[in-house]
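Take a look at the structure set out below.
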Amino acid sequence: MSNEAVYNAYPKNVALPDGATVELRQMTASDRDAILAFARALPQEDLMFLRLDLTEDSVVDAWVQNLATGHTFSIVAYDSDGLIGYASVHRNPTSWTRHMGEIRVNVNPEYRSRGLGRVLISNIFDLASALGLRKITAHMTSDQRGAQAAFRHLGFVPEALLADYVQDRKGTTRDMVIMSFDVTGHTDQSAGTLRV
């Protein structure tokens, strides 16, 4: 499926439960500076749990390059003041994980608990499914309960808890929760059995 076909639903306006209207659109290279500004305005608590340091120009440039190669598909959300959130699905081109994708979502603190996160998750989930991915994962810390609830609403289930897996800039560790959704259902009849 081409990028154009995947993104034919965008841009579009979405009304949040509180009546605010936001625009969702395909992320392109033109969103680079807005992503940097968004990341640099995040609280330190948020920055320490990003998989990549999005305050660095080179990291966002690599993201834009991944958009061009098709390894990443991203949706950005804007209000009248600028970028307020994003959602991405990242694909690994390695042959044995090419059927999998990882969803990443981040929302401006002023829009949390207002439904934007759920809207972004739902849209990126639909996009991941349209891309033909068979298993979709999401990673978050165990204390990110709102994010876990939003993914559960879509049918994701906790698959793993990795103790002390992430470390903040002060050296404090937290547990990592991996949630997953099997688009086509489990196909491995030996689920739960480790074979080496």
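The table for this structure:
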| item | result |
| --- | --- |
| Chain lengthening between residue 130 and residue 13 when straightened (0.36 nm per residue, less Cα-Cα) | 40.1 nm |
| Under the span-like rule (Cα at least 15 Å along the axis, Kyte-Doolittle mean at least 1.0), DSSP H helices of the chain | 116-130 |
| Helix-only mean residue ellipticity at 222 nm for the chain, each DSSP H run of n ≥ 4 adding -39500 (n - 2.57), per residue, nearest 500 | -8000 deg cm²/dmol |
| Region 3-135: C-alpha gyration tensor shape, a/c 1.5 cut-off, then a/b vs b/c | oblate |
| Selection from 9, 30, 183, by position along the positive dipole direction of the chain (Cβ) | 183 |
| DSSP-loop trypsin sites (Lys or Arg not before Pro) across region 1-110, with at most 16 other Cβ within 10 angstrom | 51, 98 |
| Proximal charge balance of residue 102 [Cβ under 15 Å; K/R count +1, D/E count -1] | +4 |
| Electrostatic dipole magnitude of region 3-135 [Cβ: Lys, Arg +1; Asp, Glu -1; Cα centre; debye, to 20] | 660 debye |
| Value in Å of the Kirkwood radius, where region 64-194 supplies the Cα pairs that are averaged | 15.9 Å |
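Every number here is computed from the coordinates shown, using simple stated rules; none is lab data. Model, not experiment: these values are computed from the prediction. Every residue, glycine among them, receives a Cβ derived from its backbone with ideal geometry; neighbour counts consider all protein chains shown.
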